[in-house]
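Working notes, beginning with the structure itself.
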Amino acid sequence: MILKRCSPWTTPYSAVYPRLFMQLLPASAQQARSVLHDTNLTWDDLRRRDAVVNFRQFLALVHNAIDTSETPSLALQAGAVTTIATHGQVGLAMMAAPDLEKALAAMVRFIVIRGPFIEANLTKEGDWTSIDIDIPSGTRDDYPHVLEFVLLCIQSAIHAVSPGALTSGRLELAYPAPTYAAEYKRFFRMPVAFGQARNRIVLAT
């Protein structure tokens, strides 16, 4: 099962996720103009309950927040504070699923609604199920940061549905280990391997 959305750069989606990054910024940076550089957004825009951003704006916000805070692991921190409730209807669909496999299928089915820039592929091989995740290749400079956030959002949802699934799972990443790779052990509940063929979470289902 492969789901993709067209025009990932301009499709609007909820600002709940970039707000997580903003909340983690030091107090001195939470109103800094540099955080909103190249976004055409104001702080009031982001605070509105019904606020939406497109992927270009989200990418710029993530990049600016990390630069302003001088915290390379900020995306990991933002992803780690998400819960299944953060994901709205996606989370509800997963909680209502009768088993882990159907919960993962629901997640992949709806994930592009919440994050239209994500390409998701769910495959089953024997007793193992893998969730392949990717984002547009045009974002390579900020690629790991956005992917870190997305993967931790997925992990939080899986943990809420079936905590035990993560104990025998593993995370494979297609990019090299960053300078703050030790932080991955803090935030991910499964072994992490860098420099792999693709980005995926592998679970025993």
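The values are calculated or read from the model by the stated rules, or taken from the named source; none is laboratory data. Since this is a predicted model, take the numbers as computed values, not measurements. Here the Cβ positions follow ideal geometry from the backbone for every residue, glycine too, while neighbour counts run over all protein chains shown. Ligands, DNA and RNA are excluded from the accessible area calculation, which covers all protein heavy atoms including side chains. Shrake-Rupley method; radii C 1.70, N 1.55, O 1.52, S 1.80 Å.
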Accessible-area ranking of T10, T205, largest first, probe 1.4 Å: T10, T205
Taking r as the C-beta separation of W128 and V16 and R0 as 35 Å, the FRET efficiency to the nearest 0.05 is 0.65
Dipole of the chain, positive direction: furthest Cα of T68, Y175, V108, with charges on the beta-carbon: V108
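Give, in nm to one decimal, the length gained when the segment between Q196 and A27 is fully stretched (0.36 nm per residue of separation minus the Cα-Cα distance).
Working: separation 169, 0.36 × 169 = 60.84 nm, distance 3.77 nm.
Taking 0.36 nm per residue and subtracting the Cα distance, the gain is 57.1 nm.
Would you mind getting me the FRET efficiency between T167 and R47? Use the beta-carbon distance for r and R0 = 45 Å, nearest 0.05.
Values: r = 39 Å, r/R0 = 0.86.
Computed FRET efficiency for T167 and R47: 0.70.
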Which residues does the label zone of R189 cover in the range 71-87, counting backbone N under 18 Å from a point 7 Å along Cα→Cβ? 76-87
How high is the relative contact order of the chain, in percent, counting Cα pairs under 8 Å that sit 6 or more residues apart? 22 percent
For the chain, the per residue accessible area (1.4 Å probe, Å²) is 48 Å²
Let's see if you can work this out: charge +1 on each Lys and Arg Cβ, -1 on each Asp and Glu Cβ, no other charges. What is the dipole magnitude of the range 88-205 about its Cα centre, in debye to the nearest 20? 180 debye
Given unit charges at Cβ for Lys, Arg (+) and Asp, Glu (-), the dipole magnitude of the chain about its Cα centre in debye, nearest 20, is 320 debye
With the full set of protein chains in place, find how many percent of the accessible area of the range 1-109 is carbon and sulfur; take the probe as 1.4 Å. 52 percent
Specify whether the C-alpha gyration tensor of the range 73-205 places it in the rounded, prolate or oblate class, a ≥ b ≥ c being the square roots of the eigenvalues: rounded for a/c under 1.5, otherwise prolate if a/b is larger than b/c and oblate if not. rounded
Tell me, in nm to one decimal, what length is gained between R109 and T179 on full extension, where the rule is 0.36 nm per residue of separation less the Cα-Cα distance? 21.8 nm
